[in-house]
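The values are calculated or read from the model by the stated rules, or taken from the named source; none is laboratory data. Everything numeric in this text was worked out from a predicted model, so none of it was measured. Positions of Cβ are backbone-derived with ideal geometry, glycine not excepted, and every protein chain shown enters the neighbour counts. Please note that ligands, DNA and RNA were not included when accessible areas were found on the heavy atoms of the full protein model with its side chains. Shrake-Rupley method; radii C 1.70, N 1.55, O 1.52, S 1.80 Å.
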Amino acid sequence: MIPEMNILDGGTLEERIAEWKELFGLSPDQSFQDLDVDISDMEDDDED
């Protein structure tokens with residue numbers, strides 16, 4: 001379940017980044033590259 005998130009209208013870049021990190025369960029000192037995403041099951045739409 002995705003937690004409810006208050007979206008700022010306009011906010012600074014830092015505020016928006018902090019909101020997205022919270023949404024993805026990252027701490028403020030982590031980067032988005034720290035997300036553990038398994039892409040092995042993703043399909044390539046260009047294979048035709």
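Points worth noting:
- Taking first residues from segment 4-15 that are on the phi < 0 side of the Ramachandran plot and partners that are among the basic types (Lys, Arg) and at pLDDT 70 or above, the Cβ contacts under 8 Å between residues at least 6 apart in sequence or on separate chains come to LEU8/ARG16.
- Conditions (1) at pLDDT 90 or above; (2) open to solvent by 70 Å² or more (accessible area, probe 1.4 Å); (3) part of a loop (DSSP other than H, G, I, E, B): number failed by GLU14: (3)
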